[in-house]
Number of protein chains: 4
Amino acid sequence: MKGEETRRRIVRAALELFSERSYHDVSMEEIARKAGVSKGGLFHHFPSKYELAKEALFYGLEIWGREVISRIQPLESAEERLWAIIDASFDFVIQSLKFSRFFLEVYEESLKQKNGLDIWKAFGSEYLGILEDIFREIGAENPRVRAFLLGALVDGFALDYLVFRDEVSVEEAKKEAFRIFTCTKRS
Amino acid sequence: MKGEETRRRIVRAALELFSERSYHDVSMEEIARKAGVSKGGLFHHFPSKYELAKEALFYGLEIWGREVISRIQPLESAEERLWAIIDASFDFVIQSLKFSRFFLEVYEESLKQKNGLDIWKAFGSEYLGILEDIFREIGAENPRVRAFLLGALVDGFALDYLVFRDEVSVEEAKKEAFRIFTCTKRS
Amino acid sequence: MKGEETRRRIVRAALELFSERSYHDVSMEEIARKAGVSKGGLFHHFPSKYELAKEALFYGLEIWGREVISRIQPLESAEERLWAIIDASFDFVIQSLKFSRFFLEVYEESLKQKNGLDIWKAFGSEYLGILEDIFREIGAENPRVRAFLLGALVDGFALDYLVFRDEVSVEEAKKEAFRIFTCTKRS
Amino acid sequence: MKGEETRRRIVRAALELFSERSYHDVSMEEIARKAGVSKGGLFHHFPSKYELAKEALFYGLEIWGREVISRIQPLESAEERLWAIIDASFDFVIQSLKFSRFFLEVYEESLKQKNGLDIWKAFGSEYLGILEDIFREIGAENPRVRAFLLGALVDGFALDYLVFRDEVSVEEAKKEAFRIFTCTKRS
DNA sequence: GATGAATGAGACTTCATTCAT
DNA sequence: CATGAATGAAGTCTCATTCAT
């Protein structure tokens, strides 16, 4: 199946470019060049730039998701699993610093589409579900909300770290995040 | 001075539009129309779209900053002040939901400029300094990092709330955030 | 190949327009209209106005160069060849009066480009080489410099003739130019 | 008279800028800044950019003309005077290399004006008259045309020298020019 | 399946010029 | 005399998308 292979090549090229520069700064022409396809070829496989970006984004998220899950699976205690997630998330964030920006941009575009928001919930819910279970085990008062906050923290960290990278140590940040998110005040 | 008044009108128009739609979706033409100026007039006051956006962003940040500080000032205990900040920050995020996106976009543009990152540090440092003092008083192990994490949480919250607004209650989020950020494990 | 044909049509349209009016007075829109292409089509074939102008200029120069060489080839004596060149050069200048202005304008633009001067040397050197050989045969003291001066004279003539066309006869100018450039003082 | 002084300052600023960069590349704003005047001030003194450029050009030409004449006056023989002119002209050309380009540009603009050509003849005729007298004394067959050719040579030299400055020595060029322009074949 | 020529709308920006103050 | 805010037309260029081959 030659088409499938081409399609994958396009998605990978797009993901790389979108992870480096902003949605509007990457042109279809450039993606085509990088993927070794003609411009027409792109539109043969994807009806629009937005659809391609969306697919590239989810491709990236899936890779990351699998990574996280594989790290968690062998672990027993909720705290260990939480640490593994924080560890993996923060690492991911600084490995592909601009990825979150890409996330936001695709999100931005999705707002202009009909029912554009729907695609996000599916993904987010799965992630939140895992965290929620962990926080419930730990004994947090409001596991769902705490899960949401950790997600937000990771996303925000991705943004801010770009600015303050020389003032904050990632390892310290992980430890502090772990510390506060495992906090269960009893009183 | 007539110029100053026009300039302010432009900044306000820009802020409004940028808070609603993305940087690339708002054209200078549109800003001009909304401000009641000619397109040329815009460039008389601002050398480029980016500079205008930057000014509009900082105009917005300043408003918000003043609001937060006025809420904090009368408060005595560190915990009260922390709550006031969380309260104000989350409220601000909800009120002008898209503002953070705008923040990110200007930030994005600034990466393309020479020394583009510098402008952020000044603002961020002031904010972080205030938080750091609070966390020191509270007795956090690593006040600087915790301050940074709260900043990140707020930024991330702004993003994610757009997607999950019907699943998460802002008030619950505030409370949970306050809970974990005031956590000081002694053990 | 359809693209090649369109490209040629564009170049020809550009040459015509640039030969009539100045670089800044001719807009890409106008060239597109004349070539029967859309504005975007121009930029599909040429990355910028400058590149298009450059190509149009060299297209014109090549036509002229071929003409000159075909006139020279059958001639034996150096003096005959010199006359043929002067004859052809002055004629060319009169025929396409504004062409030299165009030459100068592209040259002007090239100064703003990196290594912009390089393109001229190649062309100029070939032309100068031919002249130098002729002057050496004639017995000029400094054939290289004299070749350069004849080139300069032709270029300057192109400019000045625009102003003084009703005071100077081209044929007389040719003769006088031939007279002084064949001069070899022995003393 | 304060106005006169301002006017002169503007003309000088304009001349400097136009000698460095092209007519279209120099904006009225820039001239105003350099002259220490407001943009409105420029238009108070000159009705348009073209008129200002024209005045600046003639201001430059006059300076140069006076220089040449002062060098010639004390000289007796026609050959000495010719040498002085060639010497001065070539020197002038390389001192303010871009001046001739400026000349051409103003000329270009003048073509768009009604009766735009007239202004040139006056100046050119004076210059040509002086040369013509010299060539008549020397015994040239066609003094008028030869005068015209020397003018053209100088203008063309200005252009070409920019490209070939490292291949041609100005002093050699002067000598060779003098040699051929004093040539009087008797036969 | 794939190509790449072609489109056309729209973007940012520049700039000479005008005019109220 | 002088200012500088304001204008509006025009310019170059970008880019997602379409379509004949």
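Yes/no matrix, rows are residues, columns are (1) closer than 27 Å to B:Phe92 by Cβ; (2) more than 13 Å from DNA strand E (Cβ to nearest atom); (3) at pLDDT 95 or above:
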residue: B:Met1; (1), (2), (3): no, no, no
residue: B:Glu20; (1), (2), (3): yes, yes, no
residue: B:Asp25; (1), (2), (3): yes, no, no
residue: B:Lys39; (1), (2), (3): no, no, no
residue: B:Pro47; (1), (2), (3): no, no, no
residue: B:Tyr59; (1), (2), (3): yes, yes, no
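Scanning the stretch A:116-158 for residues that are more than 20 Å from the chain's Cα centre (by Cα) and either crowded, with 21+ Cβ neighbours inside 10 Å or among the small types (Gly, Ala, Ser) (or both) yields A:Phe135, A:Gly139, A:Ala140. Scanning the stretch B:119-134 for residues that are without any contact (Cβ under 8 Å) to a residue 12 or more places away in the chain and facing chain A (nearest Cβ under 10 Å) yields a count of 2.
Taking the stated definitions as given, is B:Val106 touching a residue at least 60 places away in the same chain (Cβ under 8 Å), more than 15 Å from DNA strand F (Cβ to nearest atom), within 14 Å of chain A (Cβ to nearest Cβ) and of a type in the set (Val, Ile, Thr)? Against the criterion (touching a residue at least 60 places away in the same chain (Cβ under 8 Å), more than 15 Å from DNA strand F (Cβ to nearest atom), within 14 Å of chain A (Cβ to nearest Cβ) and of a type in the set (Val, Ile, Thr)), B:Val106 qualifies. Looking across the stretch C:36-54 at every residue that is of a type in the set (Gly, Ala, Ser) and either closer than 27 Å to D:Leu104 by Cβ or touching a strand residue (DSSP E or B) at 6+ places or on another chain (Cβ under 8 Å) (or both), the one that is surrounded by the most Cβ atoms within 10 Å (Cβ to Cβ) is identified as C:Ala53. Would you confirm, using the coordinates I've provided, whether D:Ala14 is more than 17 Å from the chain's Cα centre (by Cα), in a helix (DSSP H, G or I) and within 16 Å of DNA strand F (Cβ to nearest atom)? For D:Ala14, the condition - more than 17 Å from the chain's Cα centre (by Cα), in a helix (DSSP H, G or I) and within 16 Å of DNA strand F (Cβ to nearest atom) - is not met. Please tell me if B:Glu55 is within 16 Å of DNA strand E (Cβ to nearest atom), within 11 Å of chain A (Cβ to nearest Cβ) and in contact with a helix residue (DSSP H, G or I) (Cβ under 7 Å, 6 or more places away or on another chain). Considered against the rule, which asks whether it is within 16 Å of DNA strand E (Cβ to nearest atom), within 11 Å of chain A (Cβ to nearest Cβ) and in contact with a helix residue (DSSP H, G or I) (Cβ under 7 Å, 6 or more places away or on another chain), B:Glu55 comes out as no. Residues in the stretch C:136-171 that are within 7 Å of another protein chain (Cβ to nearest Cβ), over 30 Å from D:Lys112 (Cβ atoms) and in a helix (DSSP H, G or I): C:Val145, C:Arg146, C:Phe148, C:Leu149. Modelled with pLDDT under 85 and among the aliphatic types (A, V, I, L, M): does that describe A:Ile10? Taking the combined requirement at face value, the residue does not satisfy it. A count restricted to the stretch C:17-33 and to residues that are more than 10 Å from DNA strand F (Cβ to nearest atom) and among the acidic types (Asp, Glu) stands at 1. Looking at the stretch B:159-174, can you tell me whether even one residue there is under 23 Å from A:Val163 (Cβ atoms), of a type in the set (Asp, Glu), in contact (Cβ under 8 Å) with a residue 12 or more places away in the chain and surrounded by 17 or more Cβ atoms within 10 Å (Cβ to Cβ)? No - not one qualifying residue is present in the stretch B:159-174. For the stretch B:52-73, indicate whether the set of residues that are over 14 Å from the mean Cα position of the chain (by Cα), within 16 Å of DNA strand F (Cβ to nearest atom) and either of a type in the set (Ser, Thr, Tyr) or more than 20 Å from B:Val154 (Cα to Cα) (or both) is non-empty. Looking for residues that are over 14 Å from the mean Cα position of the chain (by Cα), within 16 Å of DNA strand F (Cβ to nearest atom) and either of a type in the set (Ser, Thr, Tyr) or more than 20 Å from B:Val154 (Cα to Cα) (or both), one finds at least one in the stretch B:52-73, hence yes.
The values are calculated or read from the model by the stated rules, or taken from the named source; none is laboratory data. Please read all numbers here as calculations on a predicted model, not as lab measurements. Heads up, the Cβs are rebuilt from the backbone with ideal geometry, glycines too, and the neighbour counts pull from every protein chain shown.
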